[in-house]
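Input: a single structure, listed below in C-alpha cells.
The values are calculated or read from the model by the stated rules, or taken from the named source; none is laboratory data. Note that the coordinates shown come from a computational prediction; the quantities given were computed from them, not determined experimentally. Reconstructed Cβ throughout: ideal geometry from the backbone, glycine too, with neighbour counts over all protein chains shown.
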Amino acid sequence: MKLFGTMRINEKNHLEIGGIDTTELAKHFGTPLYVMDETLIRNNCRLFQSNFRKEGIQTEVVYASKAFCTLYMCRLIHEEGLALDVVSGGELYTALKAGFPTNRIYFHGNNKSDDELKMAIDASIGRIIIDNQDEMQRLEALCGLYKKRMDVLLRINPGIEAHTHEYISTTHNDSKFGESIFNPTIYGLIQRLATSPYLNFRGLHYHIGSQIFDESAYFRSVEVVITFIKTIKQNIGIDIEELNLGGGFGISYTDTDDPIDLSSFLKRYLDYIEHLVSSLGLAMPKLYIEPGRAIVGNAGITLYTIGSTKRTYGGKHYIFVDGGLHDHLRTALYGADYTGILANRARDERINSFTVTGKSCESGDLIIKSIQLPLPERGDLLAVFSTGAYHYSMASNYNRMLRPAVVFVKDGQAKLVVKRETYDDLIRNERME
Ligand code: LLP
C-alpha cells in the first residue's frame, strides 16, 4: 500500500497528512471529511510546469477544475502559475470570484447556454472552446451583440480510442464531444471560424479520455491531429496557432495501477510533437495540456467513522461508514477500485477482507469493494486514499445527506476551505407551498 505526498504513519500508530494526525482532524472537523494535501498539490503543479516545457516551444499547463473546484483551489492554481479550464457557469463563477485572471480562463463544454456564453464574453475570458457548429453560430451572434471579439479554439475528435472506462472515454466516433476530423464538413467549419468578424480562431483542442495509463494513446492521437493540421493547411491554407492536447493522465488508486511516469513522458511527448511538426514543415503551435486528476487525485483522502460491521448470511463482511455514494460516487458509477487504512490503527495486522459501504439507500452504495483490514470496531477511523479528484466535485445530497467539509493541510496547519453543509442548507431554496 502506497502512502502519497506527506502521508506517514506516526509514533501513535495513526495516519498523518500535512503534518497533522488524522484522528485530530476527525475530532476537530468531524467526519466524513475530505482532506487535501496542499504540498502534494503544489508539487504536482510544479511537476507539470517544469516538465511540460521546451526551449523554442510555447507551452501552458491548464488545470481542469472539474476535478476539484473551490475558491481556495482556484487561488492556489493561480499562485502556481497554471491556467484554468472551466466547464460550466458555476466553475466560471467560482474562478471569477476567486479573482483568477480572466485571460487565463478557458471555457469548455458541449452545450454552453447563452447565459454562460454571455458571462464568458462579459468577463473577457481567455478562450472559449467551441464544441460544434451550432455553438459557433450562437457565440458569433452573441459576440456581435456585445461588439466583442473572443479568442476561440475548436474541439475536434481525432477518433483515437484510449483504453479506459466507457463513461470517461471521449473520442469514439459517436462521442458527444467535438467535431470529428473525419467529417468532410469540418474544413468548412474551420474556414467559417477563421473568417468570422467576431471569433478570433486560434486553433484546436482535443481530449482523448481520462484515467489513461497507455502512453501510446497520446502519441497516436497527436500524430493524427498534427497530420490533420497539415491537411487543413493544404486544403484551406489556414495555420493552427494553438493546440490544446487535453488531459487524462491516470493516477494510482490501488497498487495494481501503473500510471505513466509524467516527468519522463512529458519531455518525450514534446520532443515527439516537435519532430512531427517539423517533419511536416509546419510552424510550431503553442501547446497546452489540461490535467485535472493528476494534480489533485492522490492528494486527497476521505476520513470516515466506522459505525458498525455486518457479516451477511451469504458470507460478505461489511464495514458501514458515515458517508456513502453521495460523497464517493466513483465506485458505484465506474466500478472504480480504492484502498485505504484504519487511520487510528494504521500498522495493525490486516487480517480480514471487507467491503466498505455507506449510508445511502442503494445496494450499489460501495466505497471499497474489497479491502484487507484489521477487525474494525465502532468508532474506528477509515481513511480512503486518492479521493482528491472527482469526489467533492461529484458529491450530491442524495437521501438528503450533507456534503462533507473540505480541509487543506500543510506543514501542521489545517484550513477549512469548505464548511460542512447543514440541514438548513438543504432547504435553503425551498418553499412549502
Ligand atoms: N480536459 C477536458 C476537455 C476534459 O473533458 C477533462 C476531463 C480533462 C481535461 C481532465 O481530465 P483528467 O486529467 O482529470 O483525467 N468523472 C470522471 C472523469 C471525467 C473526466 C471528464 N473530463 C472520473 O471520476 O473518473
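Quick notes
- Conditions (1) buried (at least 16 other Cβ atoms within 10 Å of the Cβ); (2) within 16 Å of the ligand (Cβ to nearest atom); (3) not polar (S, T, N, Q); number of the one not met by Leu402: (2)
- The criterion of at least 1 residues that are among the polar types (S, T, N, Q) is met by the following strands (runs of 3 or more DSSP E) wholly inside region 353-433: 366-373, 413-418.
- Residue satisfying condition, being surrounded by 15 or more Cβ atoms within 10 Å (Cβ to Cβ), in contact (Cβ under 8 Å) with a residue 12 or more places away in the chain and among the polar types (S, T, N, Q), within set Ser221, Ser263: Ser221
- Residue that is farthest from Ile41 (Cα to Cα), among those in region 2-11 that are buried (at least 18 other Cβ atoms within 10 Å of the Cβ) and in contact with a strand residue (DSSP E or B) (Cβ under 6 Å, 6 or more places away or on another chain): Met7
- Residue check: Asn429 meets all listed conditions (1) touching a strand residue (DSSP E or B) at 6+ places or on another chain (Cβ under 7 Å); (2) without any contact (Cβ under 8 Å) to a residue 12 or more places away in the chain; (3) not basic (Lys, Arg) but one, namely (1).
- Taking the conditions (1) over 20 Å from Gly109 (Cβ atoms); (2) away from the ligand (no atom under 16 Å from the Cβ) in turn, Leu189 satisfies each one other than (1).
- Region 154-170, subset assigned to a loop (DSSP other than H, G, I, E, B) and away from the ligand (no atom under 11 Å from the Cβ), residue modelled with the lowest pLDDT: His163
- The condition (being in contact (Cβ under 8 Å) with a residue 40 or more places away in the chain and either within 29 Å of Gly335 (Cα to Cα) or buried (at least 19 other Cβ atoms within 10 Å of the Cβ) (or both)) is satisfied by just one residue among Ile156, Ile186, Ile128: Ile156.
- Every residue from region 105-125 that is within 15 Å of the ligand (Cβ to nearest atom) and either touching a Leu at 6+ places or on another chain (Cβ under 8 Å) or of a type outside the set (S, T, N, Q) (or both): Ile105, Tyr106, Phe107, His108, Gly109, Lys112
- In region 239-257, residue farthest from the chain's Cα centre (by Cα) [restricted to those that are away from the ligand (no atom under 16 Å from the Cβ) and surrounded by fewer than 18 Cβ atoms within 10 Å (Cβ to Cβ)]: Asp239
- Screening the candidates Val407, Val418, Val356 for the property of being surrounded by 14 or more Cβ atoms within 10 Å (Cβ to Cβ) and touching a Gly at 6+ places or on another chain (Cβ under 8 Å) yields one hit, Val356.
- Residue under evaluation Asn399, criteria (1) farther than 24 Å from Gly5 by Cβ; (2) in contact with a strand residue (DSSP E or B) (Cβ under 6 Å, 6 or more places away or on another chain), criterion not met: (2)
- Condition met for Glu116 (in a helix (DSSP H, G or I), touching a Gly at 6+ places or on another chain (Cβ under 6 Å) and without any contact (Cβ under 8 Å) to a residue 60 or more places away in the chain): yes
- Qualifying positions in region 47-69 - more than 15 Å from the ligand (Cβ to nearest atom) and in contact with a Gly (Cβ under 9 Å, 6 or more places away or on another chain): Gln49
- Residue among Leu276, Leu270, Leu266 that is within 16 Å of the ligand (Cβ to nearest atom), of a type in the set (A, V, I, L, M, F, W, C) and under 20 Å from Gln58 (Cα atoms): Leu266
- Those residues of region 291-320 which are within 16 Å of the ligand (Cβ to nearest atom) and of a type in the set (Ser, Thr, Tyr), in sequence order: Thr302
- Qualifying positions in region 358-388 - within 16 Å of the ligand (Cβ to nearest atom), within 19 Å of Met1 (Cα to Cα) and of a type in the set (A, V, I, L, M): Ile367, Ile368, Val384
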